[in-house]
Each structure stands twice: as structure tokens, then as C-alpha cells.
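Shown next, in C-alpha cells, is the structure this report addresses.
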Amino acid sequence: MSMKWVYTFAEGDGTNKKLLGGKGANLCEMTQIGISVPPGFVITTEACRAFLDDPERRLPEGMLEQVHHALADLEAETGRQFGRGETPLLISVRSGSALSMPGMMDTILNLGLNPKTLQGLIAETRNARFGYDAYRRFIQLFGKIALGVPEEDFDTEFEAVKRKAGAERDEDLSCNDLIEITERFMSAVEKSTGRPFPSDPYEQLEIAIRAVFGSWMGKRAMDYRREFKITPDMADGTAVNVMAMVFGNMGEDSATGVAFTRDPGTGENALFGEYLVNAQGEDVVAGVRTPKPVAALADEMPEIYDQLVDLRHRLENHYREVQDFEFTIQKGVLYCLQTRNGKMNAAALVRTSVDMAQSGLIEREYAILRVQPDMLEQLLFPQLDTTAEAEPLAQGLPASPGAAVGVAVFDADRAEKLGRTGERVILVREETKPEDIHGFFASRGILTSRGGKTSHAAVVARGMGKPCVAGAEGISVDVHLKRAIVGDHEFHEGDLITIDGTSGNVFLGEVPMIEQEFSPELTVLLSWADETARLQVMANADTPEDARTALKFGAMGIGLCRTERMFNDTDRLPIVVDMIVADTREERQAALNRLLPIQREDFKGIFTVMAPRQVTIRLLDPPIHEFLPAEQQLIDELDELRHLRTVLRGIRVLSDAVEFMYRSRDVHPTVQMPAEPVLVEEAIQKKEAMLTKVRALHEVNPMLGHRGVRLGLTFPEIYAMQIRAILEAAAECQKSGIAVHPEIMVPQVCTAQELKQVKDCVEEIRADVERAHHVKLDVKFGSMLEVVRACLRAENLAEEAEFFSFGTNDLTQATFSFSREDAENKFLPMYNRRHILQDNPFEVLDVKGVGRLMELAVMWGRDARPGMKVGICGEHGGHPDSIGFCHRIGLSYVSCSGYRVPIARLAAAHAAILDRTAGLQYPSHRGYQCIGAL
Ligand code: PEP
Ligand code: MG
């Protein structure tokens, strides 16, 4: 017996999206819960796979027979006949894979039409114009998709007839015009394929099925899968959905539309969508005519509008998710043609998550999981500064929010090319098509002059979280001349424009942007995330301003304050330089004494902002020569100074001669000799000393050199100054009622002895400060783990350190022996391309190597100090997947840049939920088992 390749909508399992594709499964489900769906059947993705796997591309055995059976059932159910009779059965043939890939594959409508069935349709509807319109659409779609006829061939013929007829809009074409169009289309097909257009509906169907199956391996679909990392275990092949046609173009009581159960741009809890009266589905999406907002249907067809609102509630209550659905009204009867989970931008996802959870439609945990952490980046996107007095050049529909600036580019290939060079690009088109997808990837924003909020441009841009202004009809786009005309203005390729997808405005030039504020819904969602997460989220912040930003984004403390960044400020760098070039300990101490009050103020500023939260301060890390000028720069400056000295010496000789002359005549010169030679001499001496120091400090491999704790132990007075500044700042804050919890962290540690020596210094200074200020300080002492040996000796280090923080930037460098400065510009992209490494390990934590070390260090550290606090402060601390791993190995916190804090908070909650739902428990010390592939 052959496999079952075909399922009717009444029998398919609505939960089996892998087999039936998302669209097919939903059609089955909707049919089975009583929603008005035209009858039909699904050919499975397994059939597609079998077809694609066959070297000769044969349809799988028994499939066509099953299709014919299903067609016979469809005939019986609809009372119509396929390919014959007075009431012909017409069908649509659509693709649909397990994962929704909007617009990526192909759809054929009105299949089953031929000269004979056309006459049946005309007789039945008594509407010849309608019949020919359906016929020309079928020839066009089938010709393009199934027979590979270039779209332009049809466009040329269509436009020619339109011109001849003097028709402005498609609706103005008469029946005779449409007859002429069908004839021209037929000839175009024959000319292009060398064969007449197939008239046997069964043959049409077989060709269409093959084309839909084949579209899975088409460039568009493959590009899409690559971009969105859709692997075969997520979606493998497309199903084919065959459905009895219903017509939205049967007159003024017919219409077609696309709707969302909530506004996908803002998340507002209201039916959102667009429709066109007397039109077929692709008219709405293609942006050929600008559709009306769905609210207008309440006036135009009030009963149908009520049914649509009812449909909206039924869909949402059933799927418990925002739905994006297509509907058709045929002669006053509403049909739902498909539904899928709505793709939304981050703002809408957040708002709908909170609203749906608060109304009890979904659980809080699901509300959190609905929003992918990285999507929150969109909410941190800049918006136009409303105080900037920019005059919009044109206005279109606000199709995907956020603002973007870039140079106008009029085709997708060029956008891709320029985008690759790092140029900011805005893709400007009359309307976009699926084949423009690579242009979307490369652009910051999309501008179209035609189409609505559900046009291809709008849907795709929203899915990608890119700003889009659609249907800016005042702009006339000339793709060939690469220019756009707006009234008296025009802009060309390469001109800077700004688009605002939130308001729909388009501007010439660059308009200033401002940062986003948190919406109330995001605040709620993140508060739920914090309640759910086990990991705490800290920020890496070096100044009070950074700390304020971090707090605004919900940081629970500071996990890394890099003190060297404070040394670089212009007011203190000269003192730091004095400290470095000092020849004696006394000279160095004198410079440090000047630095002490400055650092103390720095720390007081941060403690005050963050009180009462933890502030982890790392002692000086980089090699000190980083604060000195480069050797070559010094050599060049010395050359110049020496040259100046020679010139000045010449002048001196000259002026001595002049002076002698005056004196010998007993005349006194009025001009004083310049003092510069002295200054120049001093400068030369200073620079020479500096050069000597720079040469003395030179290291062949500074990243592995005299830095971090090694430096701190060589010049203990530097760390002593920093420790004193931290503790005195803490004491002063505490005395003025500010709750402080400083943590002192030592970088680049590899032995417990290093830690012990710094710890002794901390204890000594702490006792001194406590005595002097009459306070008791709550200070913790910890170690960075960023050296391989430190991980391997974690148990010993934990005897000295109260906490650990993984510096995964350096730990990745050390584990791979890849320079963190160079690898990303040299060989890493090639490694990724050739799949030697899947990701960039400096961005995505390498769980198998670096992660394994971390896992062991956590376990060993907690052996010595049960329950020890362990965090991460390398860049990976803000990356969602890496955060998931940090949760799984039982870290206490992650620390990342302030802007990534919301992303990390959400990612931490995701990790906790996924962990709980997988039933995994991670004890915080011994007994922890390594998970699967780790
Ligand atoms: C690290 O190495 O991960 C780290 C946080 O320190 P830095 O990046 O300052 O070397
Ligand atoms: Mg480091």
C-alpha cells in the first residue's frame, strides 16, 4: 500500500505542522472547529521531500491517485466539476511549510480554467468580465510560477492594452480589453515556452504541484532559510494546499482582505487590516491598488464586519496567539482562507504579551517566551527627534515603526552591494517583491510609493524589525533613472534621506534621532522576567553616567567597573603619565597621591548612583604602557623638537651678533630674546625620558605581558591607591547615609598566591580606613577568571576569593589562542564560512570549550566555598544564548553593557522557564552533571 500523501481539511491533524505545513495544518484545524473555510486538501511535505530527493524528480508513487480522489471528494462537497460541466470547480494551489515564510514561495489561483470551463463560469456568473479577469490572472500566475515565463512579458502586454484602452486603473478595463489581454497572454506563454498553454486542468494541477514543490529549492526560499537559520529539522519541504476557489472579485458585494487580530505595528487590541472591494487576494498584498482600512468595512458591509470581528475573537481564543489571516467575501459570504501566527515588531509583541497575559488568554511564562530577547533591540532603536524642525518631503503609511537614515538606493542588488561596504542604505521602490529580499537584509529601512500596511514591503520589514514607510503616493519612483520625484523636489541614488516608519514621514537629508523610552508594557514584562529569572543582571559601567543608563535599563548592580577607563580622562592622564615615568618610588607616590582624590570622587559618584546595589570594581588591568604615547609618535615629535632647537640656536647666534653690534654702539635693543630655547630643551628632555620608558616597557606580546595583577604586584602602590580610593569613597558615602556594597576584583589572576597578596593589602587598608572613619565596611574581595589556569585552580582560588567573575573575552582568547584584537578581522569570517566554527566565539560563548572550563571552575570553586557567587562580565554576558548557558551551569549573575541589560533580563527569564519546563535542576555545587552535548 502506498503512503498517505494527501489529507482533506476535514481529516488532517491540525497540530502536525511538520507534515502538513503551517498553512495546511491551520486550514484543517479551522475547518474542524467550524470556521468557514472553503473545502480542500493538503499534499504533505513528505511528498515534497520524496519528489525533491528523487534524481528524476518523479512525483511519489500513488500521490496523483490520492490527489484525484481528493478532487472527486471536493467536487462532491462543492457540487462543482473539475475541468468540465456548467459549474466548473476552480482551485487555488498554495505552498506552505512548517515555518511561516511570508511571500517566500508561490501561489496559483483559478486553476482549472480553460476555454471550456471559462464559458461555464461566465454562464454561471452571468459576468463575462469577471470570467476573463479570472482567466487572465490564472494565465499570468500559472505562466510565471509554473511555466517560468518572465513577469515582464505579461506586464508589457497588460500595460499595452491598458494604454490602448486609455484605462487608468485595472478596474477601468472593459471585458473586451480583458479578452484581448488573455489572448496576448496566451501568445506570450507560447512564445516563451514554445508550447501552447496547457488546457487540461489535471495537467495544470500536476504542473502546479511540481512548481510549488520545486519552489522550496528556489533562490528566494533558500536565501530566506539561510538568513533566518531555518534548518531541515525545523522545516523540510513545503506542503501543497489545494482549495476550492472563492472569489472576492464577483462584484460590489465581494471583497478580499488581510487582517490581524491585533495591530501588528503597535500591539493595540483592535482588529487591524485592509481590504479591497471586488478584488482578488494578490491585489491587496501586491499593492497594485491601495486598500481601505478594515474599519471602513463597518460602514460598507456592517454584517460582514461583525462576522469578521467574531472571527477575530474565535481565532485568538483558539490559537491563543495573535493571528494574521486572509479573508474573502464572495457575494456577501465570508470565508477565511488562511491563518497563521502574526509576525509583529518588538513593540507590538511586548504589548500583546502583556495584554494577553493580563486578560488571562495566555500564561505569564508564555508571555515572556513570546518575545525573543534580541528583538528588544528594536525598542532601543532611535526615533526621530520631534524637536528637530524638519519638514517632511512626503508622507506614506507608517508601515513598520522606528526611524532610519541612509542613502537612497533604487534596487535590491545595489542595496546589497552598498550595504556590504557599511553604507547606510534606504531601499526605495515603487513596491517590493519577494525577490527583493536581499535588499531588505542590506537596508536600514524601506520606502515604497505604492501598497498598504499589509503590502509585501510592510510585512517583511515588520518581521525584520526595520522601519518602513509604504504607499507614499506623492513620490514618483523611477527605478531606471535611479531617482524619485516629489512635487518640485527630487532625490537621486546616493542622496541621504530619513524615513520615519512610526509616522510615515519621509525627509530629505539626515534628521536627528533620539533614544527610546521604555513603554509601560515593557516595564511590566521585564518585571515579570525579573520575578521569573534566577540569574541576576548587572551592568558593565565605568562612570556615573554609564551607571545611570544601566539603572534606567534595570541593572541590578554593576558587575564590572573598569578603572583604567577613568585613568584615560584628559584631566588625569597627565598625572597617570607622571606616575608611569617616575624614576623613584617617591615620585610615583607623589603622582598617586594626586590621583587618589580624583579616583575617590569617581567611586563616590558611582556608589551614589547605584546605592544600595552591588558595585564590582576591577583594579587596574591593562599594561601601563597603554597610557603612554606610541614609540614612533615620540620619535617623530623628538625629531621636530630637535629641528626646532637647531633653528632656535641659529637665531640665537644671529641675535647675539645683533646684540653685540648694538652694544658696541652703546645702543640698547628693545626686543627681548625669546625664552623658547629653554622650553624646547625641557620638552626634549621630557620626551627622551618618555621614550626611554616606552622602550623599557615594550613587550613583544603585551596581552600576555605585564598587566593585571602582575602589574599590581610589581607596583603595589598603584593597587594600594585604588583600594584606598574605593574604601574611602565607601566610608564617606556610608557616613552620609548612602548604602554601599563595593566589591574589589583582581584581574588576570592565575595563582592563589597573587590573590592572597592583594587581599592582604585590602585588609590592611580596610582596617586603616575603618579606624580613621569610624565605620564598618561591607566589602567583598573576588577574582576574575579569565586565565585558563585560574579555572583549573578554581578550588584554590576560592579559598581567597569570595566571588568569581568570568572574563570570557580574555578566557576565549586564552582557550583558543586567538588574538581578541585580530582574529575577527583576519581568519574568523573564513572559519565561519567554511563551518570550521559555527559562530564567532568572541560574540557567542563557545560552550564546548570555554564553557566547559567555566562549568568545571564553577563546580570546583563551589567545592571550596559552597554557594559561592559566580558571574560573567565578558561580552557574552549580554548574548541571549550565552546567558542560557550561564543559567544552566548555575552562575549567579551576568553583567553586560547597559543597553543590553533589558535583553539580558529577558534572556535570563527565558533560560529559567526553559530550564523548569525541561525539568532540569542544577544544584549549585557538586553533583551537577554536564548536560548532553556540552
Ligand atoms: C574579559 O576579559 O572578559 C573582561 C571582562 O575584561 P576586559 O575585556 O577588560 O579584558
Ligand atoms: Mg579581561
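The values are calculated or read from the model by the stated rules, or taken from the named source; none is laboratory data. No experiment lies behind these values; they were computed from the predicted model shown. Here the Cβ positions follow ideal geometry from the backbone for every residue, glycine too, while neighbour counts run over all protein chains shown. To get the accessible areas, we keep the full protein, side chains included, count just its heavy atoms, and leave off ligands, DNA and RNA. Shrake-Rupley method; radii C 1.70, N 1.55, O 1.52, S 1.80 Å.
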Q) Name the helices (runs of 4 or more DSSP H) wholly within the stretch 559-625 that hold at least 1 residues that are under 17 Å from residue 544 (Cβ atoms) and either under 35 Å from the mean Cα position of the chain (by Cα) or away from ligand 2 (no atom under 16 Å from the Cβ) (or both)? A) 563-567, 585-610
Q.
Taking the condition of being closer than 21 Å to residue 575 by Cβ, hydrophobic (A, V, I, L, M, F, W, C) and under 44 Å from the mean Cα position of the chain (by Cα), how many residues in the stretch 685-719 meet it?
A. 4
**Q.** Residue among 853, 845 that is within 18 Å of residue 559 (Cβ to Cβ) and within 16 Å of ligand 2 (Cβ to nearest atom)
**A.** 845
Q.
Would you confirm whether or not the stretch 321-334 contains a residue that is touching a residue at least 60 places away in the same chain (Cβ under 8 Å), in contact with a helix residue (DSSP H, G or I) (Cβ under 9 Å, 6 or more places away or on another chain) and on the phi > 0 side of the Ramachandran plot?
A. yes
**Q.** Flag if residue 222 is in a helix (DSSP H, G or I) and either open to solvent by 20 Å² or more (accessible area, probe 1.4 Å) or of a type outside the set (Ser, Thr, Tyr) (or both)
**A.** yes
Q.
Among the residues that make up the stretch 63-76, is at least one of them in contact with a Ser or Thr (Cβ under 8 Å, 6 or more places away or on another chain) and part of a strand (DSSP E or B)?
A. no
Q. Looking at 762, 749, which one is open to solvent by less than 40 Å² (accessible area, probe 1.4 Å) and within 16 Å of ligand 2 (Cβ to nearest atom)?
A. 749
**Q.** Residue under evaluation residue 345, criteria (1) open to solvent by less than 30 Å² (accessible area, probe 1.4 Å); (2) modelled with pLDDT of 95 or more, criterion not met
**A.** (2)
**Q.** Sole residue being assigned to a helix (DSSP H, G or I), touching a helix residue (DSSP H, G or I) at 6+ places or on another chain (Cβ under 7 Å) and of a type in the set (S, T, N, Q), chosen from 722, 734
**A.** 722
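To keep it simple, each residue is scored yes or no on (1) open to solvent by less than 10 Å² (accessible area, probe 1.4 Å); (2) in contact (Cβ under 8 Å) with a residue 24 or more places away in the chain; (3) not polar (S, T, N, Q); (4) not in a strand (DSSP E or B).
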{"residue": "233", "(1), (2), (3), (4)": "no, no, yes, yes"}
{"residue": "243", "(1), (2), (3), (4)": "yes, yes, yes, no"}
{"residue": "248", "(1), (2), (3), (4)": "yes, yes, yes, yes"}
{"residue": "251", "(1), (2), (3), (4)": "no, yes, yes, yes"}
{"residue": "266", "(1), (2), (3), (4)": "no, yes, no, yes"}
{"residue": "274", "(1), (2), (3), (4)": "no, yes, yes, no"}
{"residue": "299", "(1), (2), (3), (4)": "no, no, yes, yes"}
{"residue": "307", "(1), (2), (3), (4)": "no, yes, no, yes"}
Q) Do any residues in the stretch 157-171 that are in contact (Cβ under 8 Å) with a residue 24 or more places away in the chain have Cβ atoms under 7 Å from those of residues that are not in a helix (DSSP H, G or I), where the two are at least six apart or on different chains, and which pairs are they? A) 170/288
Q: Could you tell me which of the residues 790, 798, 767 is more than 16 Å from ligand 2 (Cβ to nearest atom), within 18 Å of residue 856 (Cβ to Cβ) and either free of Cβ contacts under 8 Å to residues at least 24 places away in the same chain or buried (at least 22 other Cβ atoms within 10 Å of the Cβ) (or both)?
A: 798
Q: At least 2 residues that are more than 26 Å from residue 259 (Cα to Cα) in each: list the strands (runs of 3 or more DSSP E) lying fully within the stretch 388-489 that qualify.
A: 403-409, 425-429, 476-478, 483-486
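A quick yes/no check of all residues on (1) at pLDDT 80 or above; (2) open to solvent by less than 60 Å² (accessible area, probe 1.4 Å); (3) closer than 30 Å to residue 758 by Cα:
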| site | (1), (2), (3) |
| --- | --- |
| 633 | yes, no, no |
| 659 | no, yes, no |
| 663 | no, no, no |
| 684 | yes, yes, no |
| 689 | yes, yes, no |
Q) Here are some conditions: (1) open to solvent by less than 10 Å² (accessible area, probe 1.4 Å); (2) within 16 Å of ligand 2 (Cβ to nearest atom). Residue 817 meets all but one. Which one does it not meet? A) (1)
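Would you check if residue 680 is modelled with pLDDT of 80 or more, surrounded by 15 or more Cβ atoms within 10 Å (Cβ to Cβ) and under 19 Å from residue 643 (Cα atoms)?
Values: modelled with pLDDT of 80 or more: yes; surrounded by 15 or more Cβ atoms within 10 Å (Cβ to Cβ): yes; under 19 Å from residue 643 (Cα atoms): yes.
Yes.
Looking only at the stretch 490-509, which residues are in a loop (DSSP other than H, G, I, E, B) and either of a type outside the set (Ser, Thr, Tyr) or surrounded by fewer than 17 Cβ atoms within 10 Å (Cβ to Cβ) (or both)?
Looking only at the stretch 490-509, we keep the residues that are in a loop (DSSP other than H, G, I, E, B), and these are 493-495, 501-504, 509.
Of everything in the stretch 490-509, those that are in a loop (DSSP other than H, G, I, E, B) and either of a type outside the set (Ser, Thr, Tyr) or surrounded by fewer than 17 Cβ atoms within 10 Å (Cβ to Cβ) (or both) turn out to be 493, 494, 495, 501, 504, 509.
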**Q.** Given (1) in contact with a Ser or Thr (Cβ under 9 Å, 6 or more places away or on another chain); (2) open to solvent by 10 Å² or more (accessible area, probe 1.4 Å); (3) within 27 Å of residue 289 (Cβ to Cβ), index of the condition residue 163 fails
**A.** (1)
Q. For residue 121, all conditions in the list (1) closer than 27 Å to residue 24 by Cβ; (2) over 47 Å from the mean Cα position of the chain (by Cα); (3) of a type outside the set (Asp, Glu); (4) open to solvent by 10 Å² or more (accessible area, probe 1.4 Å) hold save one; what is the number of the exception?
A. (4)
Q. Looking at the stretch 537-554, which of its residues are buried (at least 22 other Cβ atoms within 10 Å of the Cβ) and either in a strand (DSSP E or B) or among the charged types (D, E, K, R) (or both)?
A. 537, 538, 539, 540
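Count, please, the residues in the stretch 1-51 that happen to be part of a helix (DSSP H, G or I), of a type in the set (D, E, K, R) and open to solvent by 50 Å² or more (accessible area, probe 1.4 Å). Before you say what the answer is, go through the steps one by one.
Applying the first criterion (part of a helix (DSSP H, G or I)) to the stretch 1-51 yields 17-32, 45-51.
Add one more test, that the residue is of a type in the set (D, E, K, R), and what stays is 17-18, 23, 29, 46, 49.
Then keep just the ones that are open to solvent by 50 Å² or more (accessible area, probe 1.4 Å); that gives 17-18, 46, 49.
Count: 4.
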Q.
Test of understanding: among 46, 29, which residue is at pLDDT 95 or above and touching a Leu at 6+ places or on another chain (Cβ under 7 Å)?
A. 46
Q) When you look at residue 853, is it within 16 Å of ligand 1 (Cβ to nearest atom), open to solvent by less than 60 Å² (accessible area, probe 1.4 Å), part of a helix (DSSP H, G or I) and farther than 23 Å from residue 617 by Cα, yes or no? A) yes
Q | Of residues in the stretch 770-795 being out of contact with any strand residue (DSSP E or B) (no Cβ under 8 Å at 6 or more places or on another chain) and within 16 Å of ligand 1 (Cβ to nearest atom), the one nearest to residue 708 (Cα to Cα) | A | 787
Q. If residue 461 passes every condition in (1) among the small types (Gly, Ala, Ser); (2) open to solvent by 10 Å² or more (accessible area, probe 1.4 Å); (3) under 21 Å from the mean Cα position of the chain (by Cα) but one, which one does it miss?
A. (2)
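Among the residues of the stretch 773-783, is there at least one that is within 15 Å of ligand 2 (Cβ to nearest atom) and under 28 Å from residue 730 (Cβ atoms)? Before you say what the answer is, go through the steps one by one.
In the first step, residues of the stretch 773-783 are kept if they are within 15 Å of ligand 2 (Cβ to nearest atom); the result is 782-783.
Narrowing further to those that are under 28 Å from residue 730 (Cβ atoms): 782-783.
Checked against the condition, which is being within 15 Å of ligand 2 (Cβ to nearest atom) and under 28 Å from residue 730 (Cβ atoms), the stretch 773-783 yields at least one hit.
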Q: Quick one: count up the residues across the stretch 871-887 that are within 12 Å of ligand 2 (Cβ to nearest atom) and in a loop (DSSP other than H, G, I, E, B).
A: 2
